[in-house]
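Taking it in order: structure first as structure tokens, then the write-up.
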Amino acid sequence: MSTEPPAAGAETSATPPYRLPRTGIGTDTHAFAPGRELWVAGLRWEGYEVGLEGHSDADVVAHAACNALFSAAGLGDLGAHFGTGRPEWAGAPGVKLLAEAARIVRAAGFEIGNVAVQVVGPFPKIGKRREEAQELLSATVGAPVSVSGATTDGLGFPGREEGLTAVATALVY
Ligand SMILES: Nc1ccn([C@@H]2O[C@H](COP(=O)(O)O)[C@@H](O)[C@H]2O)c(=O)n1
Ligand SMILES: C[C@@]1(CO)OP(=O)(O)OP(=O)(O)OC[C@H]1O
């Protein structure tokens with residue numbers, strides 16, 4: 001590894017057009033609410049008395065993945081592209097926002113390496129439908145999407161079953 005500074009004008013990873021792959025991070029949190037369908041990771045989860053409250057279907061996995069993609073591409077965040085003031089996104093399924101986020105990232109000149117998302121909360125049990133969720137979200141993004149789950153051991157608002165959070169990373173190049 002050279003310790004010499006780059007020659008004047010030499011292209012480095014710190015200069016446009018930033019040719020190295022870029023990673024991004026995203027989260028999303030929504031409260032549980034009665035009378036809503038529970039949509040998480042693009043899937044409808046039956047048998048629960050609550051869904052997630054939001055302007056769209058509040059799919060925290062899809063939203064965190066959108067935020068991670070926009071973060072990796074330096075294109076802002078969910079609200080910058082799908083603001084709650086825009087009626088066309090009212091009730092929108094998470095996979096619709098995710099497909100649009102992937103289109104926006106590619107339109108900006110990037111290709112998508114992969115996305116990884118983890119749900120933080122006691123339910124729904126992502127592991128029971130992991131393959132189904134990964135196949136759907138990977139087809140939606142056009143790149144591998146991995147989905148996992150973790151609880152908070154009863155701690156905090158997820159442990160009190162007040163809401164759900166998802167954390168995502170994305171790689172673009
Ligand atoms: N929403 C969730 C939460 C957890 N899992 C699975 O349970 C395992 C144990 O979770 P802890 O975080 O309490 O250790 C976890 O590794 C997942 O396999 C899940 O599927 N969905
Ligand atoms: C998705 C949008 C738009 O419908 O609203 P919500 O469904 O409330 O979800 P949020 O995670 O708050 O992101 C903001 C908005 O872009």
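The values are calculated or read from the model by the stated rules, or taken from the named source; none is laboratory data. Predicted model, so just to flag it, every value in this text is computed and none were measured. Glycine also receives a Cβ, built like all others from the backbone with ideal geometry; neighbour counts cover every protein chain displayed.
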- Quick check: is even one residue across the stretch 152-171 part of a loop (DSSP other than H, G, I, E, B), surrounded by 13 or more Cβ atoms within 10 Å (Cβ to Cβ) and near ligand 1 (Cβ under 10 Å from one of its atoms)? yes
- Item | Pairs where the first residue, in the stretch 64-81, is within 10 Å of Ile25 (Cβ to Cβ) and the second is part of a helix (DSSP H, G or I), C-beta under 7 Å, 6+ apart | Asn67/Leu78
- Restricting attention to the stretch 107-150, which residues are buried (at least 17 other Cβ atoms within 10 Å of the Cβ) and without any contact (Cβ under 8 Å) to a residue 24 or more places away in the chain? Gln134
- Query: Which one of these does Ala80 not meet: (1) among the hydrophobic types (A, V, I, L, M, F, W, C); (2) within 13 Å of ligand 2 (Cβ to nearest atom); (3) farther than 21 Å from Ile126 by Cβ; (4) in contact with a Ser or Thr (Cβ under 8 Å, 6 or more places away or on another chain)?
  - Reply: (4)
- Going by the structure shown, is Ala116 among the small types (Gly, Ala, Ser), modelled with pLDDT of 95 or more, more than 16 Å from ligand 2 (Cβ to nearest atom) and outside any strand (DSSP E or B)? no
